[in-house]
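Report on the following structure.
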Amino acid sequence: MDMKIKYIIFSVCFICLFTSFAVFSADKNSSDTKFDIPVIDGHNHINGLFRGRGRMEERYQDAVSETIRKMNQANIKTMIVMPPPFPAGHRGIYDVDKLIPYLKLYPGRFKVFGGGGTLNPMINEAVRIGKTTNEMKAQFKKAALKLVEEGVSGFGEMTAEHFSLGPNHNYQGAPPDHPLFLLLADIAAENNLPIDFHMEAITKEKPLPAHLKSPPNPKTLKPNIKAFETLIGHNPKAVIIWAHAGWDNSGNRSVRLMEELLKKYPNLYMSIKVRAVDSLPVNYPLDKEGDIKEEWLELFRKFPDRFFIGCDHFYTAPGGFRIGPDSMPETIQLFNRLPSDLQKKFGIENPSAIFKLTNP
């Protein structure tokens, strides 16, 4: 049997398996289509590419317009959008230059991060060739400062450990303490801009979880938390946002680990994304009744200023190809079950401070 067909069958089986885990929340989720209060959603993507007649067409204006429509439905006041973390040479790669002209049509509704389509591929390439020269550092810094000139509100989405979850979904791996990540932390600190960082937590060497396929994922996962701490601690003035708390594909992003890191590093923040269908259940934040687990609620109460919502939704033009399952319903579900004081913190106050928004 063709390997690609095997991978597709494997992926479908995995989704079916974890759908049974997620199904408990179906009835609960039916009413969770909008946030209880107007929120700032701090991590999303807009895909303006559209599969036309045998070719890819660009429809970014339509995609942004459709995003506004869905924001209004979901009670999202302001959204942070960014390119996903592209590998070098990826088909359809883009960065903020594709988005900014159309985001400006809706003043006050969007802030944009940049680098997923420019800086992240440069780090990928440096890892591939196994060296980082002074010339590469200079080119990287030039590209980062160009994004600053274009008016970005942060750098992202960057990645150090990005699992392939199915066909046409890439694996990327880079040391979190790579010289270019450390350089980016210095640039971010100097320009008072945060970094959005996607990284599966790996606390010790371990085999690849059974629901993932190798290749493209490595058969053995190498620990990355110590190197991640090097990045966070490298420049205390650099705000590091560890994306996707509540969505765990390694089984290692536990409440205990997050609490330890938040205690040690006051410049570390986290965005919340909840999606059971393609995540391991061990660190899922909702219980069988669809309510927030006590250990997660305790974590939120211990660090009320360090979390915000980041649905990680891929918005497209009408009829466009959306990437991955929908993570909005369960993320909204978690938010709507927060106490009102934490709703205000996570939905308005924290992202307003992190992203320097006026009139939140």
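The values are calculated or read from the model by the stated rules, or taken from the named source; none is laboratory data. The structure displayed is predicted, hence computed values, not measured ones. Positions of Cβ are generated from backbone atoms using ideal geometry, with glycine treated the same way; all protein chains shown enter the neighbour counts.
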Exercise. Can we say D62 is in a helix (DSSP H, G or I), at pLDDT below 95 and over 22 Å from the mean Cα position of the chain (by Cα)?
Worked result: yes
For this session: Out of the residues in the stretch 316-360 that are hydroxyl-bearing (S, T, Y) and at pLDDT below 95, state the one that is surrounded by the most Cβ atoms within 10 Å (Cβ to Cβ).
Result: S327
For this session: Name, by its number, the condition in (1) within 30 Å of R306 (Cβ to Cβ); (2) of a type in the set (S, T, N, Q); (3) surrounded by fewer than 19 Cβ atoms within 10 Å (Cβ to Cβ) that does not hold for Q61.
Result: (1)
Exercise. Can you tell me which residue in the stretch 268-290 is nearest to S164 (Cα to Cα), limited to those that are basic (K, R) and either surrounded by fewer than 22 Cβ atoms within 10 Å (Cβ to Cβ) or in contact with a Pro (Cβ under 7 Å, 6 or more places away or on another chain) (or both)?
Worked result: R275
Exercise. Looking at (1) surrounded by fewer than 21 Cβ atoms within 10 Å (Cβ to Cβ); (2) among the acidic types (D, E); (3) within 22 Å of G42 (Cα to Cα), which is the one condition that is false for D196?
Worked result: (1)
Problem set entry | Of all residues making up the stretch 98-142, the number that are at pLDDT 95 or above, farther than 16 Å from A174 by Cβ and of a type in the set (A, V, I, L, M, F, W, C) | 7
Exercise. For the stretch 304-319, how many residues meet the condition of being closer than 20 Å to M270 by Cβ and in contact with a helix residue (DSSP H, G or I) (Cβ under 7 Å, 6 or more places away or on another chain)?
Worked result: 8
Problem set entry | Subset of the stretch 116-153 (residues that are closer than 30 Å to K104 by Cβ, in contact (Cβ under 8 Å) with a residue 24 or more places away in the chain and of a type in the set (D, E)) | E150
Exercise. Within the stretch 173-194, how many residues are outside any helix (DSSP H, G or I) and either within 13 Å of F228 (Cα to Cα) or at pLDDT below 95 (or both)?
Worked result: 6
Problem set entry | Condition check for N191: surrounded by fewer than 23 Cβ atoms within 10 Å (Cβ to Cβ), in contact (Cβ under 8 Å) with a residue 60 or more places away in the chain and closer than 21 Å to L119 by Cβ | no
Exercise. Just to be sure, is Y265 in contact (Cβ under 8 Å) with a residue 12 or more places away in the chain and either surrounded by fewer than 19 Cβ atoms within 10 Å (Cβ to Cβ) or touching a helix residue (DSSP H, G or I) at 6+ places or on another chain (Cβ under 6 Å) (or both)?
Worked result: yes
Seminar exercise, completed: Residue pairs qualifying under the 6 Å Cβ cut-off, at least six apart or on distinct chains, with the first in the stretch 231-248 being surrounded by fewer than 23 Cβ atoms within 10 Å (Cβ to Cβ) and the second being of a type outside the set (V, I, T) and modelled with pLDDT under 95, are D248/S279; D248/L280
Seminar exercise, completed: K293 passes all but one of the listed conditions (1) in contact with a Pro (Cβ under 8 Å, 6 or more places away or on another chain); (2) farther than 25 Å from P83 by Cα; (3) in contact (Cβ under 8 Å) with a residue 12 or more places away in the chain; the exception is number (3)
